Each structure stands twice: as C-alpha cells, then as structure tokens.
Amino acid sequence: MKVVEITGSQNNESPPEESLEELLEKAWALRQANFPPEIEINHPQKTTVISVTGHQCALNCAHCGRHYLEGMLTLEEGERRHRLEGNKSFLISGGSTGEGKVPFYQHLDRLRQLKRQGRLNFHVGLVDEEEARALAGLADAVSFDFVVDDASIQEVFGLKRRGEDYLRSYQLLRRYTPRVIPHLLVGLYRGQIAGEYRALGYLRELGATDLVFIVFRPTPGTRYAELPPPPPAEVARLLATARLWFPTTPITLGCMRPGGTYRMELDELALRAGVNKIVNPAPELATLAAARGLRVFTGDECCVL
C-alpha cells in the first residue's frame, strides 16, 4: 500500500476554474462513460446504530455537541432491537475519548458476537496499529472521517491533533481492512469550505476506492448552531470535482446534510454531478433521476454496506 505524508506544501489542491455548469456537464459525461445508467436511493432502516459509549463523549465538538449520540443504542439495546426488527447489519460508533478515538477496542468480545448476527460497519476515529489490526476479519467496512485541515481539527473537535494524525490512521486502517471509506464533512469549519479540496488531493494520491460526502448541518444546542451550511452550489462544485478527479470511483451523498429546500437543491445538483448513491433523498429525486435516464433502485442498509 502506498504511504503518503502531509507536508506544508504538498497537495495544495484547489477547485477547477470552470463555471459550475461546465463542471456539472463534464462530471455527468464522465459518469455516463464509466457507470451503468442507475442510481441507488438509500434508506438505511435495516442497520442498527450502536454507540459503544452510550450518550457519553469526552469531546464537545462545535458541530455536534453530543447531539447525535442521543439517537444511538447501547450494545445491549442494539442487540435486542436488531433481533426484534430483523435488521441486517450494525453501525458501531460512539462518543470519542479525549484523544479522538471511539473506544471500540475494549468491547471486542461483544462485537465478535454481534458479527454472527450481521455485517459490521465501524466508525472508529483515530487509531493506532493495534486497534487497526483488531478490525481485521471483524469489520466489513470502516467509515473514517477524513480531515486534513489543522484548524478544523483543533477548533471544531477541540483536539490537539493535526491532519497528519488522520492521514496516518486512514492508512493504518487500510492496511488491515479491505473497505475503508473516507467520509468528507463539507463545511466542517464554521460552515465553510476549508481543506476539503486538499483532502480530496490526498485521497486521489492514495487511490480511495469509495467516497462519501456529508454536509454540515446547523444543530440546536451546539456552538455552531447559528452558522449557515455551505451554499449548495459550493457543495456541488466539490462533488463535481470529485467526479472529475475520481472518474471510476463510486461517490455517495450521505445521510448527514440539511433538510427542506436545501436538500432538494443539493440533491438535484448532486445528481447532475454524477454521484452514484444518495441517502434519504428529497422526494423528487427519483423522478429527476428517471428523467435523466437512470434506473432507480433502493438500499436499506448503511450506505457503505
């Protein structure tokens, strides 16, 4: 596996200079040339979402504030719910330690038992080699928040970490797990684009096999609650650029993004930018996709599975 290091001057990627319409046209043409005429609409109700820390998190991230842990189940609750609802898979997530890790390692015995009931997608945060090695044969997929912007890591997460720590963890995970899917949170830094193109540049050099994009969503009770999300056109520019830089790589617009008219506008632009999968799309998306000649099919598990 190729090893890449972060340096001050390396991978200073910037967006293409073409207009958004020109980028969308190029991205759509590449999608048509490299993929069958189909798109997946995903509603992940058959994946049980577990937090190994319950509602606890040592961090108080500016965009989350522990809010998203409230909808997750404990290991005990998740195992029960999984059987009752006949679910197919698990997302293993949780709050972070003060080092930016999701402490799955201490629950390995329980997680091996869960593996008998369904596929496992792990959201693990930063890892060392021992933790990455523990996922070999256990994780069917690893969803990894890929952040290389130091200011985002330190202000948003409150961690004394740098982009090189995330790059190192990503490469360790890829050493031991066949499917490590980088997740890029667009607008993580105060709702602005900051480091996302640079992150794409590193992933292009590393040869990412899949990409998932999610979008900052102002969340009540958090430090970023009053900040607007990035304009849909800016997100679409990033998505179209990703298609140009990764012409044969499956791209997903994931579950976290604002709703309402914002979602409708962004989902239509994402379709034109050549994404392959959209999670919980706006209702009109299926009709728009069919009008573009795409066969629409549905998925019911976490989007990386």
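Summary table
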{"read-out": "Restricting the range 25-133 to trypsin sites (Lys or Arg not before Pro) in coil, as DSSP defines it, with at most 12 other Cβ within 10 Å", "value": "ARG116"}
{"read-out": "Net charge of Cβ neighbours under 10 Å - reference LYS46; Lys, Arg +1; Asp, Glu -1", "value": "-2"}
{"read-out": "Extended-chain gain in nm, criterion 0.36 nm per residue less alpha-carbon gap, THR74 and HIS55", "value": "6.0 nm"}
{"read-out": "Hits among lysines - C-alpha to C-alpha of LYS88 under 17 Å, sequence gap 8 or more where chains match", "value": "LYS46, LYS115"}
{"read-out": "Integer Hz, Karplus 6.51/-1.76/1.60 couplings in order for the range 180-188, x for Gly and Pro", "value": "10, 10, x, 10, 10, 8, 6, x, 4"}
{"read-out": "Label-point separation, SER19 to ALA151 (7 Å along Cα→Cβ), nm", "value": "3.0 nm"}
{"read-out": "Inter-label distance for GLN45 and GLN106, nm, one decimal - labels placed 7 Å from Cα along Cα-to-Cβ", "value": "3.6 nm"}
{"read-out": "Rough spin-label spacing in nm, given labels placed 7 Å along Cα→Cβ, for LYS115 and GLN32", "value": "4.5 nm"}
{"read-out": "Directionally averaged projected area (convex hull, Cα atoms, the chain), nm²", "value": "14.9 nm²"}
{"read-out": "Aspartates and glutamates with Cα under 19 Å of LYS160, excluding same-chain neighbours fewer than 8 positions away", "value": "GLU5, GLU99, ASP128, ASP145, ASP149, ASP150"}
{"read-out": "Extreme residue, positive dipole direction of the range 20-299, given options LEU135, GLN154, LEU20 (C-beta unit charges)", "value": "LEU135"}
{"read-out": "Förster radius 25 Å - calculated FRET efficiency between ARG204 and GLU99 (Cβ-Cβ, nearest 0.05)", "value": "0.30"}
{"read-out": "Computed magnitude of the charge dipole of the chain (debye, nearest 20; Cβ of K, R +1, Cβ of D, E -1)", "value": "800 debye"}
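Rule-based calculations on the coordinates, nothing more; no lab input. Everything quoted here is computed from the prediction, not taken from an experiment. No Cβ is skipped: glycine too gets one built from the backbone with ideal geometry, and neighbour counts run over all protein chains shown.
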